[in-house]
Each structure stands twice: as structure tokens, then as C-alpha cells.
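K.L.:
The structure follows.
Computed from the coordinates by the stated procedures, all read-outs in this text should not be read as laboratory data. In this text, all values refer to a predicted model and were calculated from it rather than measured experimentally. In this analysis, Cβ positions are derived from the backbone assuming ideal geometry, glycine residues included, and neighbour counts consider all displayed protein chains.
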Amino acid sequence: MTAITNGGSEHRRVALFGGVYSNTHALAAMLDDARGRDVEAVHCLGDVGGFGPHPDRAVALLRQSGAVTIQGNYDAAVAGGAPDCGCGYTDPRDNHFARLSYAYTLSRTSTEHRRWLGALPPSLRLRLGPLTAVLCHGSPRAVSEFLWESTTPDGMLAAMLDEARADVLVCTHSGLKWHRALGDGRHAVNVGVIGRPENDGRTDVWYTVLTSTGDGLDVEFVPVAYDHETLAREMEAEGLPGEFVETVRTGWWTTCLEVLPAKERARGRW
Amino acid sequence: MIATVPLRQLSAVWIQVTGTWCNLQCTHCINASGPVDPWLAPMAVADVERHVEDAARVGAREVYFTGGEPFLHPQMLELLAHALERLPTTVLTNGTLITERVADRLAELAARSRYSLEIRVSLDDPDREANDRVRGRGAFDRALVAIARLHQRGLPAILTATDLGTSARDLYERLRGLLAERDVAKPRIKLLPLFPVGRTASGGTPPDATELEGVDLGGLQCADSRTVTADGIYACPILAGLPQARLTAAGDAVSLSHEACRVCVETGASCRNG
């Protein structure tokens, strides 16, 4: 991996990931993997904390890596000491777990790291060959908007790309990766998250490599195996909910299920 | 003074496909639907399809079918097939007409579409008798049978409950328990507040603009949703059919002129999924 440049620059190949969720082990494994893939830059699309243990460790590694990072809703909440994580859950059970996770993360993120999270930009633009990509956390319209594959219609993507004056929309936030090529040469990519598995019964997490191919775009989703058992033990030692630990060990989501649309929910175990 | 809410962008389009024609006559119905002489007529297929196509074209996120009871519409399954080719689609139903055959067909439609089909089945109280006092005899069991039928076919329905305040405590947990008893491994529950409109209108006042200072009106569902009916376009599904909520065009600003608007402002409620 060559030196990472700032946003707005032009690249042939970049790695992108979101949702670290304090999973320092997966972050380290992902950064190692990206170094072997000839990428010119690494971008994090936000939500560094939440869910996992020792949030300061993940922020420190992320800062040290030089990955160009934009701000997720969790980062904004932790930076500002907001009353909740801003995930917008309405389901009482999801809110219960979200509160536990947020209180833990907020109380264990240093002032210096909170200041850094608070100064992150909400979005960035990137040139991939002739294509302009807009990088955001949730959607170009709202940091907490979920863009799921099954509830994001083509016309809505086209409208968002028009508004952003971009050819490629790149987001995270939902936790599930997907890619759609619109018929007109434009693309939408949800890069997934590296903080927790994909609700598919696998313990791997995922990041994304985008490569400019002349006038087109190649989208590659890359699985990352990491020491999830060590993560699970650290979460237990920190007293984090057993439901979170189960997700790390089994690859099935046990919480925050409310926000999943029917199609995505049907694929999981719970 | 009455506050107004401009349309931020059109995100959700509600289609009152059967008007106020329903096979139940719930005591709390927001639009006083029922089986006899519906005051708002069902919609023609061509009109529904045109609205769905318009919504997709302007970049809306999703479409909702409501009523009345949508599955009373003779072409409902065809309308769903048409909508699911274009947009994520939700149906609000009492579940009573979801037979084995209809459940099979809905599962097929859901599997075929790249977009999610959401079926929201209404059930208001975890106690059978309390529920059926409001919704009519047999409504409780038929709703749960519908949810189980859909779940067995890999279509996780959403139980939608209006919080009537009759269930002493823990409405949400009791509803979860109810679904667990029926082997629904993927329980999905949406709670809605009771709106003072239709059969429960109380003669209260709308929120005054001075009360709304500092409130993010852009977060109200009338800032990004519209409802279409056989007789025009309305601000939201709660007020569909009421003269003061009728709009000349979808892009018109909405007046918060009904007492039910107070519930949205105070609770932040949205009729949308999630």
C-alpha cells in the first residue's frame, strides 16, 4: 500500500470499508489484506465504535493506518456526547441493546479520540478513472439512512446520484454489502462492514475493492477472516451482551434486527 | 396559527387501494372503514399503476397499499406484481384473507422481485378477547394464522399493533411472546400510537404554530410522503379522505390542521415500516 492521499484525489484502485464497531482484530486483518492488493488508497466510511470492546484501540489503529475516514452517525454521537447513537431504532429490544453499546463506547473513548471523530468530514468525493464517486456513511442525503439492497430502488439511486453529481454512490451503515449497476453506467455500492459478520452464518467480515477499468468499474467484495474467538473473549471480559458475542461466534445477527427489510431478514437465522 | 410543512422529497407513496372498504369494522379505525357503503371508493387498476409508475420515476423509495382491506381488491395480487417490479412494496392488511393459496402467491411474488415485499398484519392486543372487542370476533386468530402462514413460506410478516392503552404493561414483550408461541422465529413488531381521527376523533385542536418552534417539521411523514385515493391526493395515510388534508398537487405544502397532527408532532410516529 502506498501512502494514502487525501479525499478528492484520483485513483485506479481503492479499498473501502465501513463499520469497524471497535473490532480492532478485523481492522488489522483487513488492513493487512488490502496491503497485498495493490490499492492506492484505503477509505473508512465511518462508525468506528459501538458493539465491540475497547473502542480506543480501534480508533488508534485506524488513525495510525492513515485510512481516509469519513464520519458515521456513531462517530458524530460519540464525539458530541449525544444522548443516543442516532441509529434511529424504534423497536424496544433493539433500543435496549443500542443503549448498552453506546454507553459502553462513549465512556471508554478518550477525549482526544472523540475530538478526532468530531472533526471527520461527512462525505468525500473521489475520482476513479473517469468516474466520480461520492463516499458517504448512510446515504448522500442522511448519515443515518439505511440503503439496503432490497429497499433501494433504481429511481431513488439515480435521483441521489443526480443530486450528488456523481457516477458512483459508495456507502455503508446497514452492515450488508451489495452492488448495483444502473443501466446508464452508474453504480451504487454498499461496502459492508468489518466490525461484525454479515448475518450469513460465516464469521468472516467484508470490505470492498473498487478498480477503474477504462470507462467502467470493477467491484470486488473481499472476505476477511480474523481472530474472532479472541474478540469474543474480550467482549465477554468487558461484560458486553452475550447476544453480541453470539453474533461474533456464529455469524448470525441476534440484535438490531428490526431495521432489516423482509428479504434481508428472511436470509438470517433470527 | 396553523403550521405548514413543505414536501422535502417524495419518498413514500401510500395507495388507498380499496378506499374504506373493509371486511372488519374496528372501533378505532382511523378512516372508519367497514363492509357497508364505504365512503371512499376502491381505486381502478389503471390509476394505481399510474401512481406506482410516477412514484418510481421521481425516485421514491417505496409504495404502501392500504385501505380498507387491500386484499378485498379483486386485482390485488396483479397490482402487487406490477408494483414489485418497480419499488419496494408494503401491504397493510388484517390478514383475514391470506388463505394458503394467497400466502403461496405472496411468497412467489416476494421471491421473484429484487425488492422487498412487506406484509403488515394488524393485531392490537395480545389478549384474544380484548383484541376481538376492538377488531371483531375471530380477528385475533385469523391474524396470527396469516403471520404463521407467511412465516412458514419464508416471508417474515410484521405484526402491527395500535397501542390502545388497554394492555396494562409490556405490550411489546407480550406480542413477542404471542409470536413465539406460534413458532415465529423472526418476530417483527411495529407499534403505532392511537390517532384521534375516524372512529376515535375526539374534537381536539391541532397543534398551534407557536407550539412547534424548535420542532423539526422535516422529520414528519408529511414532509416526504403522500397518499393517493380514488378522489385525490392527501397529506398522509392518517388523514386520507378528509377535506382539510386534500392537496391540489402532490408538491403542495401540508397544513398541520387536524388534531391527529398533534400525535405525529408529539410522538415522532411514522406509519412507515421501522
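K.L.:
When chain A is modelled as a GNM with alpha-carbon springs shorter than 10 Å, which of A:Asp200, A:Asp75, A:Asp184 fluctuates the most?
P.N.:
Result for chain A, Cα springs under 10 Å: A:Asp184 fluctuates most.
K.L.:
Below 15 angstrom from the Cβ of B:His73, what's the summed charge of the other residues (Lys, Arg +1; Asp, Glu -1)?
P.N.:
Working: positive: B:Arg105; negative: B:Asp47, B:Glu49, B:Glu69, B:Glu78.
Taking every other residue near B:His73 into account, the sum is -3.
K.L.:
How much space per residue, in cubic angstrom, does the convex hull of the C-alpha atoms of the protein assembly as shown take up?
P.N.:
Details: hull volume 79.0 nm³, N = 544.
Cα convex hull per residue, to the nearest whole number: 145 Å³.
K.L.:
Cα axis of helix A:92-107 to longest principal axis of chain A: angle in degrees, 0 to 90, nearest 10?
P.N.:
90
K.L.:
Which of the trypsin sites (Lys or Arg not before Pro) found in segment A:141-179 are in a DSSP loop and have at most 12 neighbouring Cβ atoms, other than their own, within 10 Å? Intermediate values should be presented prior to the final figure.
P.N.:
Working: sites: A:Arg141, A:Arg165, A:Lys177; in loops: A:Arg141, A:Arg165, A:Lys177.
Counting only loop positions with at most 12 other Cβ atoms within 10 Å, the trypsin sites (Lys or Arg not before Pro) in segment A:141-179 are A:Arg165.
K.L.:
Let me ask another. Of B:Ala223, B:Ala143, B:Ala111, which has the largest mean-square fluctuation in a 10 Å C-alpha GNM of chain B?
P.N.:
Result: B:Ala111 has the largest fluctuation of those listed.
K.L.:
Sticking with this structure for a sec: Looking only at chain A, where both bridge partners belong to it, what percent of the DSSP beta bridges are antiparallel (to the nearest 5)?
P.N.:
Roughly 60 percent of the beta bridges in chain A run antiparallel, per DSSP.
K.L.:
Explain nothing, just compute: Karplus ³J(HN,Hα) = 6.51 cos²θ - 1.76 cosθ + 1.60, θ = phi - 60°, for every residue of segment B:265-274 in order, whole Hz, x for Gly and Pro.
P.N.:
Result, rounded to whole Hz: 5, 7, 9, x, 5, 9, 6, 5, 4, x.
K.L.:
Normalized C-alpha radius of gyration of segment A:10-264, against 2.2 N^0.38 Å? If you can, show how the numbers build up before the last one.
P.N.:
Details: Rg = 17.0 Å, N = 255, 2.2 N^0.38 = 18.1 Å.
Normalised Rg, Cα atoms only: 0.94.
K.L.:
Sticking with this one: Taking the 0 to 90 degree range and rounding to the nearest ten, how far is the long axis of helix A:55-65 tilted relative to the main principal axis of chain A, both from C-alpha atoms?
P.N.:
The answer is roughly 30 degrees.
K.L.:
Turning to a different aspect of this structure: Provide B:Tyr172, A:Tyr226 in ascending order of the number of other Cβ atoms located within 10 Å of each residue's Cβ, fewest first.
P.N.:
Working: B:Tyr172 17, A:Tyr226 21.
Ascending number of Cβ neighbours within 10 Å: B:Tyr172, A:Tyr226.
K.L.:
Taking K and R as +1 and D and E as -1, what net charge do the other residues with C-beta under 12 Å from the C-beta of A:His96 add up to?
P.N.:
On the way: positive: A:Arg93, A:Arg99; negative: A:Asp84, A:Asp91, A:Asp94, A:Glu243, A:Glu258, B:Glu173.
Here the count lands on -4.
K.L.:
Please figure out what share of the DSSP beta bridges in chain B is antiparallel and state it in percent, rounded to the nearest 5. If you can, show how the numbers build up before the last one.
P.N.:
Numbers: 8 of 34 bridges.
Just about 25 percent of them are antiparallel.
K.L.:
Which number comes out as Rg/Rh for segment B:56-143 once both Rg and the Kirkwood Rh are worked out on C-alpha atoms?
P.N.:
Values: Rg = 14.3 Å, Rh = 14.0 Å.
Using only Cα positions, Rg/Rh for segment B:56-143 is 1.03.
K.L.:
Under unit Cβ charges (Lys, Arg +1; Asp, Glu -1), what dipole magnitude, rounded to 20 debye, does the protein assembly as shown have relative to its Cα centre? The partial results should precede the final answer.
P.N.:
On the way: 55 positive and 67 negative charges, 76 e Å.
That gives the protein assembly as shown a dipole magnitude of about 360 debye.
K.L.:
Using only atoms on other chains, find how many Cβ atoms lie within 10 Å of each Cβ of peptide A:255-268 and report the average.
P.N.:
Going residue by residue through A:255-268 and averaging, the value is 6.
K.L.:
Would you calculate, for the protein assembly as shown, the mean residue ellipticity at 222 nm contributed by helices, counting each DSSP H stretch of 4 or more residues as -39,500 (n - 2.57) and dividing by all residues, to the nearest 500?
P.N.:
On the way: 16 runs with 166 residues, N = 544.
It lands at -9000 deg cm²/dmol.
K.L.:
Counting Lys and Arg as +1 and Asp and Glu as -1, what is the net charge of the other residues whose Cβ lies under 11 Å from the Cβ of B:Gly218? Don't jump to the answer; show the numbers that get you there.
P.N.:
On the way: positive: B:Arg8; negative: B:Asp216, B:Asp224.
Counting the neighbours of B:Gly218, the net charge comes to -1.
K.L.:
Something else about it: Among all the aspartates and glutamates, which ones have a C-alpha under 17 Å from A:Lys177's C-alpha, if same-chain residues fewer than 8 places away are not counted?
P.N.:
A:Asp47, A:Glu145, A:Glu149, A:Asp154, A:Glu198, A:Asp200, A:Asp204, A:Asp218, A:Glu220, A:Glu264
K.L.:
What average count of beta carbons from other chains do you get within 10 Å of the Cβ of residues in A:86-96? Please list the in-between numbers first.
P.N.:
Values: counts 0, 0, 1, 1, 8, 8, 7, 5, 0, 0, 0.
Partner-chain Cβ atoms within 10 Å, mean over residues of A:86-96: 3.
K.L.:
Please give the average number of partner chain Cβ atoms lying within 10 Å of the Cβ of each residue in B:107-117, rounded to a whole number. It would help to have the intermediate numbers written out before the result.
P.N.:
Numbers: counts 1, 0, 0, 4, 2, 0, 2, 6, 10, 11, 4.
Other-chain Cβ atoms within 10 Å of each residue's Cβ, averaged: 4.
K.L.:
Further question: Where both partners of a DSSP beta bridge lie in the protein assembly as shown, what percent of those bridges are antiparallel, to the nearest 5?
P.N.:
On the way: 30 of 71 bridges.
Bridges in the protein assembly as shown that DSSP calls antiparallel: roughly 40 percent.
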